[in-house]
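Structure first, then comments.
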Amino acid sequence: MTYRIALLPGDGIGPEVTNAAVKIIDLVTSKFNIDISYETYDIGGICYEKHGTPLIEETLDGCYNSDAVFLGAVGGYEWENLPHHLKPEAALLKLREKLELFANIRPAKVYSSMLDNSSLKREVLDGTDFIVLRELTGGIYFGKPRGIEDSRGFNTMVYRTEEVERIARKAFEIALKRDKVVTSVDKANVLEVSQFWRNVVEKVHKDYPKIKLNHMYVDNAAMQIVRDPKQFDVILTSNIFGDIISDISGMITGSLGMLPSASIGNKYTLYEPVHGSAPDIAGQKKANPIAAISSISMMFEHSFDMQKASEIIEKAITKALSDGFRTADIATEGCKIVTTDEFTDIIAENMERIFTDEAIGVFLL
Ligand code: NAD
């Protein structure tokens, strides 16, 4: 089996964390009997400098011809005053639209050695491991009519059957590989569009009898995530509710440098760290590579169906953290501060050890 990955390093720390991602891809390729090839394409500010536009056809074609896309990050001070359509961030929005990425996955998983980095108490957080699946291309962010008039501003929250069906199906499929519980978050007590969402989710649920389906109003969900996050497995929700819920969920478990994400379409999937290009630390070897490496772990799980590789990457990250290694953004008292490359090498060495231990049937972690 051959897999093709399109790498889009982008700007700022984007190329630095992409290097970390590549190291991990190479290691998995060498240990498993698979063939993975990758090509690098321009996007964002660097693409604008070379080609006068932040997204070129060659990059899009590279993505269309790939099995998975990895994006580092785009943006930087030097491009802030460009017209909107030439800004690096415009490339990202266009890419999501062109690849028809209708769902966004953000895991909210806590590493035990990072429990004290959260604003929540360790006993509330310990054991938290859920994902938020957010609808990405519909709902109130895209609904029409929309506009501003002299004495009013308005937007339209609308969902069509097929939009809800495809994301509900995705949620149930993901839950089948996890604890088999889906919580659909809406506002059906007030909004007709939410009642419609709920009806469609229930219809799709009939095809997944092994999954337990709960419904929760969004205000209650926001409260429950900070009160008792362990109760969740897969949260399924619309674009606007997911925008808020996924940020709350991400931040209770760690810092920006540790949050991975995947955006899914019918044909393509884009993996990217949640963070931006961090121009304030670019080129200083300070970037935390965990968000990028975890995004690669998601790639192995969701795009290549290689659960084992994904588990090994996650175990290697867990061990690096519990051994006290940290980049500056997550430094705690008594930790060993390391650079981006050093952290990546430590994670890679842990992976090597796990591969060896697994080969002789011993699991030390
Ligand atoms: P940012 O995520 O780049 O940085 C916010 C803060 O977090 C900074 O202090 C940064 O140093 C720190 N940080 C982020 N990632 C880190 C990592 N891996 N390791 C250590 N520290 C990390 O957000 P911002 O400062 O608001 O935006 C900077 C640029 O990035 C802007 O041009 C913005 O438009 C762009 N941006 C791009 C994306 C993307 O490409 N997906 C997402 C968000 C922002």
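Could you tell me which residue of the stretch 184-235 is surrounded by the fewest Cβ atoms within 10 Å (Cβ to Cβ), considering only residues that are in contact with a Lys or Arg (Cβ under 9 Å, 6 or more places away or on another chain) and small (Gly, Ala, Ser)? The qualifying residue surrounded by the fewest Cβ atoms within 10 Å (Cβ to Cβ) is ALA188. Against the criterion of being within 12 Å of the ligand (Cβ to nearest atom), of a type outside the set (A, V, I, L, M, F, W, C) and in contact with a strand residue (DSSP E or B) (Cβ under 8 Å, 6 or more places away or on another chain), SER297 does not qualify.
Evaluate the stretch 290-305: report whether one residue or more is outside any helix (DSSP H, G or I), of a type in the set (Asp, Glu), under 16 Å from GLY257 (Cα atoms) and out of contact with any helix residue (DSSP H, G or I) (no Cβ under 9 Å at 6 or more places or on another chain).
First pass over the stretch 290-305, keeping only residues outside any helix (DSSP H, G or I): 303-305.
Add one more test, that the residue is of a type in the set (Asp, Glu), and what stays is 305.
Now restrict to residues that are under 16 Å from GLY257 (Cα atoms): none.
No, that holds for no residue.
One residue alone among GLU123, GLU162, GLU149 is under 20 Å from ARG96 (Cα atoms) and over 22 Å from the mean Cα position of the chain (by Cα), and that residue is GLU162. Suppose the filter is charged (D, E, K, R), within 12 Å of the ligand (Cβ to nearest atom) and either over 26 Å from LEU60 (Cβ atoms) or crowded, with 19+ Cβ neighbours inside 10 Å (or both); does GLU333 pass it? In short, no. For LEU71, the conditions (1) surrounded by 18 or more Cβ atoms within 10 Å (Cβ to Cβ); (2) within 14 Å of the ligand (Cβ to nearest atom); (3) in a helix (DSSP H, G or I) are fulfilled apart from (3). Contact map, the stretch 327-341: first residue free of Cβ contacts under 8 Å to residues at least 40 places away in the same chain, second residue in a loop (DSSP other than H, G, I, E, B) and of a type outside the set (Phe, Trp, Tyr), Cβ cut-off under 9 Å, separation 6 or more or different chains; pairs are GLY334/GLY324; CYS335/GLY324; LYS336/ASP323; LYS336/GLY324; ILE337/THR327; ILE337/ALA331; VAL338/THR327.
Could you check, for the stretch 310-324, whether at least one of its residues is free of Cβ contacts under 8 Å to residues at least 40 places away in the same chain, within 15 Å of PHE70 (Cβ to Cβ) and more than 16 Å from the ligand (Cβ to nearest atom)? Checked against the condition, which is being free of Cβ contacts under 8 Å to residues at least 40 places away in the same chain, within 15 Å of PHE70 (Cβ to Cβ) and more than 16 Å from the ligand (Cβ to nearest atom), the stretch 310-324 yields at least one hit.
What about SER37, is it without any contact (Cβ under 8 Å) to a residue 24 or more places away in the chain, of a type in the set (Gly, Ala, Ser) and on the phi < 0 side of the Ramachandran plot? Break it down into steps so the answer makes sense when it comes.
Working: without any contact (Cβ under 8 Å) to a residue 24 or more places away in the chain: no; of a type in the set (Gly, Ala, Ser): yes; on the phi < 0 side of the Ramachandran plot: yes.
Considered against the rule, which asks whether it is without any contact (Cβ under 8 Å) to a residue 24 or more places away in the chain, of a type in the set (Gly, Ala, Ser) and on the phi < 0 side of the Ramachandran plot, SER37 comes out as no.
Being surrounded by 15 or more Cβ atoms within 10 Å (Cβ to Cβ), out of contact with any His (no Cβ under 6 Å at 6 or more places or on another chain) and over 30 Å from GLY283 (Cα atoms), is that true of even one residue in the stretch 42-62? No: the stretch 42-62 contains no residue that is surrounded by 15 or more Cβ atoms within 10 Å (Cβ to Cβ), out of contact with any His (no Cβ under 6 Å at 6 or more places or on another chain) and over 30 Å from GLY283 (Cα atoms). Among the residues of the stretch 45-67, is there at least one that is touching a helix residue (DSSP H, G or I) at 6+ places or on another chain (Cβ under 8 Å), within 10 Å of the ligand (Cβ to nearest atom) and touching a residue at least 40 places away in the same chain (Cβ under 8 Å)? Yes, the stretch 45-67 contains at least one residue that is touching a helix residue (DSSP H, G or I) at 6+ places or on another chain (Cβ under 8 Å), within 10 Å of the ligand (Cβ to nearest atom) and touching a residue at least 40 places away in the same chain (Cβ under 8 Å). Within the stretch 79-94, the residues that satisfy the criterion of being more than 10 Å from the ligand (Cβ to nearest atom), touching a helix residue (DSSP H, G or I) at 6+ places or on another chain (Cβ under 8 Å) and in a helix (DSSP H, G or I) are HIS84, LEU86, ALA90. With respect to (1) modelled with pLDDT under 95; (2) within 12 Å of the ligand (Cβ to nearest atom), the lone exception for ALA20 is condition (1).
Can you pull out the residues in the stretch 47-93 that are of a type in the set (Phe, Trp, Tyr) and under 19 Å from SER303 (Cβ atoms)? Walk me through it before giving the result.
Looking only at the stretch 47-93, we keep the residues that are of a type in the set (Phe, Trp, Tyr), and these are 48, 64, 70, 77, 79.
Hits for the stretch 47-93 are TYR64, PHE70.
Give, as residue ranges, the strands (runs of 3 or more DSSP E) completely inside the stretch 212-285 that count at least 3 residues that are within 16 Å of the ligand (Cβ to nearest atom) and either over 17 Å from ASP186 (Cα atoms) or not basic (Lys, Arg) (or both). Of the strands (runs of 3 or more DSSP E) lying wholly inside the stretch 212-285, those with at least 3 residues that are within 16 Å of the ligand (Cβ to nearest atom) and either over 17 Å from ASP186 (Cα atoms) or not basic (Lys, Arg) (or both) span 260-265, 269-273.
The values are calculated or read from the model by the stated rules, or taken from the named source; none is laboratory data. Note that this is a predicted model, so its numbers are computed, not measured. Please note: Cβ atoms are built from the backbone with ideal geometry, for glycine as well, and neighbour counts cover all protein chains shown.
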